[in-house]
Amino acid sequence: MDLIKPLIALLAIVNPIGAVPFFIHFTQGLTPQERRRTIRVSSLTAFAVIAISGIAGLKIIAFFGISVASFQVGGGMLLLVSSLNMLNARPGESRPGDADQGRAKAESGASVAVVPLGIPLLTGPATISTMVIYAEKTRTFWEHAVLVGYGVVIGAATFLAFSAAGRIARVLGQTGINVMVRLMGLILAAMAVELLADGLGVLFPVLTSHAR
């Protein structure tokens, strides 16, 4: 199993730095203690989604009778949509109403750490699809442990990015953050095309034969 590609894909999708402006917005009315708690819970949420998807994702799709190749095509399409959103400087997993919902939760005093920061701004369908696709390639206990390790890396990256949110925003500015999101979106688009090609090649072998 390639150990680098899944981690690059996850970093591109989750993109904690790209979520920093949203973190600042959703937590601006919170006390420093509440903000620190939000950082911890958001990081743990990102870790949990990735770890559970890597460990149990295959069992879930097997329960529903879905082939891995079909999931690759569906996952590739989700990644492509996420990359297009990111190329427009929107978080990879966001939907138009998420910001308004998060603002309402913050104003009512509810925690925004899990929704919308953890899910879907940081992790969502594209993240889950990516983990399931790469989990299919694991063969040993240690390879499964590596998938869980990706969750640890993403959780740590989220914790560091959100902890440094104020400094990052001052250094990069909104323009710098938008540039970062677009660059990661471009990388993600290339990976999405690769996943689509692999899945379609299995579902429609004639495509592979013609390519040869």
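Every number in this text was worked out from the coordinates using simple rules, so none of it is lab data. What you are looking at is a predicted structure, and each value in this text was computed from that prediction instead of being measured. Counting neighbours? That spans all protein chains shown, and the Cβs are built from the backbone with ideal geometry, glycine included.
Using Cβ contacts closer than 10 Å as the measure, can you line up Ile13, Ile177, Ile52, Ile154 from fewest to most?
Sorted ascending by nearby Cβ count, the order is Ile52, Ile177, Ile154, Ile13.
Semi-axes of the equivalent ellipsoid of the chain: what are they in whole Å, largest first, if each equals the square root of 5 times a C-alpha gyration tensor eigenvalue?
31, 18, 15
Rounded to the nearest angstrom and ordered from largest down, what semi-axes does the equivalent ellipsoid of the range 122-192 get from its C-alpha gyration tensor (root of 5λ)?
Ellipsoid half-lengths, sorted descending, are 28, 17, 8 Å.
Per the Kirkwood treatment, what hydrodynamic radius in Å, one decimal, follows for the range 1-94 from the mean inverse distance over all distinct Cα pairs?
After inverting the mean inverse Cα-Cα distance, the result is 15.4 Å.
Please sort 75-84, 119-128, 186-195 by packing, taking for each peptide the average over its residues of neighbouring beta carbons within 10 angstrom, highest first.
By packing density, highest mean first, the sequence is 119-128, 75-84, 186-195.
Which one, Ala51, Ala62, Ala19, has the greatest fluctuation when you compute a Gaussian network model over the chain with C-alpha springs under 10 angstrom?
Of Ala51, Ala62, Ala19, the most mobile in the Gaussian network model is Ala62.
Kindly write out, for the range 160-175 in residue order, the coupling ³J(HN,Hα) from the Karplus curve 6.51 cos²θ - 1.76 cosθ + 1.60 (θ = phi - 60°), rounded to whole Hz, with x marking Gly and Pro.
Values per residue, Gly and Pro as x: 5, 5, 5, 5, 9, 3, x, 5, 4, 4, 5, 6, 7, x, 4, 5 Hz.
Spin-label point model (7 Å from Cα, Cβ direction): what's the Leu160 to Ile4 distance in nm?
My value for the distance between the label points is 1.8 nm.
What is the spin-label model distance, in nm, from Arg40 to Ala145 if the labels are put 7 Å beyond Cα along the C-beta direction?
Spacing of the two 7 Å Cα→Cβ label points: 2.7 nm.
Could you give me the ³J(HN,Hα) list for the range 62-73, computed from phi with Karplus coefficients 6.51, -1.76, 1.60 and θ = phi - 60°, whole Hz, x at Gly and Pro?
After applying 6.51 cos²θ - 1.76 cosθ + 1.60, I find 5, 4, 8, x, 9, 7, 5, 4, 5, 5, 4, 5 Hz.
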